[in-house]
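Right, one structure below, let's go through it.
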Amino acid sequence: MLKGKKIVLGITGSIAAYKACLIIRGLVKAGAEVQVVITPAGKEFITPITLSALTHKPVISEFFAQRDGTWNSHVDLGLWADAMLIAPCTAATLGKMANGIADNMLITTYLSMKAPVFIAPAMDLDMYQHPSTQQNMERLQSFGNHIIEPQSGFLASGLEGKGRMEEPEEIVKYLDDYFEQKDLTGKKIMITAGPTYEKIDPVRFIGNYSSGKMGFALAEECRRRGAEVTLIAGPVSQSCSKAIHRIDVESCEEMYQAATREFTDSQAAILCAAVADFRPDTQAAQKIKRGKDDLVIRLQPTHDIAAALGQMKQHGQVLVGFALETNDEQNNAHKKLEKKNLDFIVLNSLQNDGTCFQSDNNQISIITHDSQHDYEKKPKTAVARDIVDELSKRL
């Protein structure tokens with residue numbers, strides 16, 4: 001699907017810059033036309049001669065290539081391209097992009113870009129984990145940019161951890177998949193994400209560890225593939241593209257009201273939220289002070305949102321559930337699938353280390369009424385593609 005596509009490849013000052021050659025080769029082999037824009041620091045790691053030989057185009061780095069009044073137009077590049085890919089993208093460039101600091105040709109091209117932008121970060125693990133880097137990436141995602149998650153592995157510093165740029169062939173595949181899959185165009189999809197908080201008093205609540213990362217990844221994947229997405233989010237710190245209609249809620253009651261309202265004119269719903277099953281029977285109007293050691297909190301069941309939507313479901317609507325289990329996983333998931341009138345259910349287990357709550361990774365099984373497909377552990381963005389692939393078959 002990359003044949004004939006015009007790609008601006010931005011290269012920044014990272015040791016991973018040498019991998020840009022393999023990205024160019026993959027794009028050109030797929031039939032794309034590539035124009036490289038490189039930062040001054042990037043040229044310290046790889047030469048423009050090498051890049052020009054691979055793209056058959058002069059490499060653009062400076063605003064003014066000559067002293068004769070000619071200049072490189074970032075505006076023209078923004079209109080020319082079908083996509084912009086920045087790989088590798090350093091922490092410094094992430095920060096400049098997130099804050100509109102247009103001090104080099106790459107950033108001005110980015111700010112002028114009319115086409116989708118894909119960002120493949122590359123840096124040491126501490127830089128990647130720093131709150132400022134994470135905040136910059138979240139902000140860029142909220143602008144509609146696509147983050148190609150780095151991988152964990154051996155880094156140039158000699159350390160091991162997350163920050164290694166995704167492999168070139170996977171980056172090329174990511175772009176190819178983007179142009180290929182617009183299979184949800186015209187579909188309205190509702191997604192729930194994150195936890196719910198059930199108040200005990202004004203300062204305490206019953207909740208869980210859900211970060212919302214899986215639900216937000218599903219929302220972005222559906223949006224990428226052309227769907228009109230409504231995301232009902234519990235109290236999380238995640239951000240999403242402005243193209244996604246986001247409804248923020250706190251309690252199960254609020255999520256239930258929003259979900260039952262939005263589901264009526266949706267073609268599908270993915271219930272990824274970790275909704276609290278119980279809430280306090282009463283909520284104290286004031287903070288409960290320390291007193292007796294045997295404080296008792298009476299609980300009552302909350303709404304079963306999946307069951308309610310299963311009863312509402314009309315012909316042609318698709319309902320997807322999640323099952324997070326700690327034991328007897330397959331049996332419990334099958335029971336939930338049947339009881340709540342789901343079309344398929346996504347099973348994940350706390351037995352799988354480094355997945356589920358707070359993690360960037362997940363390991364799932366997709367269970368239907370007559371089959372089960374087990375997947376390997378992978379980033380939640382990739383897991384989202386697997387789940388949406390299954391949803392797309394049914395739409």
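Here are the numbers for this structure:
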| item | result |
| --- | --- |
| The one condition in (1) open to solvent by less than 70 Å² (accessible area, probe 1.4 Å); (2) out of contact with any helix residue (DSSP H, G or I) (no Cβ under 7 Å at 6 or more places or on another chain); (3) not in a strand (DSSP E or B) that Gln300 fails to fulfil | (3) |
| Filtered residues of the range 336-346 (kept if touching a strand residue (DSSP E or B) at 6+ places or on another chain (Cβ under 9 Å) and assigned to a helix (DSSP H, G or I)) | Lys336, Leu337 |
| Residue in the range 262-271 that is of a type outside the set (Lys, Arg), closer than 24 Å to Ile147 by Cα and touching a residue at least 24 places away in the same chain (Cβ under 8 Å) present | yes |
| Residue within the range 303-312 that is under 23 Å from Pro202 (Cβ atoms), out of contact with any Gly (no Cβ under 8 Å at 6 or more places or on another chain) and at pLDDT 95 or above present | yes |
| Residue list for the range 82-97, filter: of a type outside the set (Ser, Thr, Tyr) and crowded, with 20+ Cβ neighbours inside 10 Å | Ala83, Met84, Leu85, Ile86, Ala87, Pro88, Cys89, Ala91, Leu94, Lys96, Met97 |
| Strands (runs of 3 or more DSSP E) fully within the range 1-94 counting 1 or more residues that are under 24 Å from Tyr174 (Cα atoms) and touching a Lys or Arg at 6+ places or on another chain (Cβ under 6 Å) | 33-38 |
| Those residues of the range 262-278 which are touching a Pro at 6+ places or on another chain (Cβ under 8 Å) and surrounded by fewer than 23 Cβ atoms within 10 Å (Cβ to Cβ), in sequence order | Ala276, Asp277, Phe278 |
| Tally of residues being part of a loop (DSSP other than H, G, I, E, B) and either in contact (Cβ under 8 Å) with a residue 12 or more places away in the chain or crowded, with 18+ Cβ neighbours inside 10 Å (or both) across the range 279-297 | 9 |
| Count - residues of the range 128-157 that are over 19 Å from Ala17 (Cβ atoms) and of a type in the set (Gly, Ala, Ser) | 4 |
| Of residues in the range 238-253 being over 22 Å from Thr185 (Cα atoms) and in contact (Cβ under 8 Å) with a residue 24 or more places away in the chain, the one least open to solvent (accessible area, probe 1.4 Å) | Cys252 |
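The values are calculated or read from the model by the stated rules, or taken from the named source; none is laboratory data. All figures in this text were calculated on a predicted structure; none of them were measured in a lab. Glycine also receives a Cβ, built like all others from the backbone with ideal geometry; neighbour counts cover every protein chain displayed. With ligands, DNA and RNA removed, areas are computed over all heavy atoms of the protein, side chains included. Shrake-Rupley method; radii C 1.70, N 1.55, O 1.52, S 1.80 Å.
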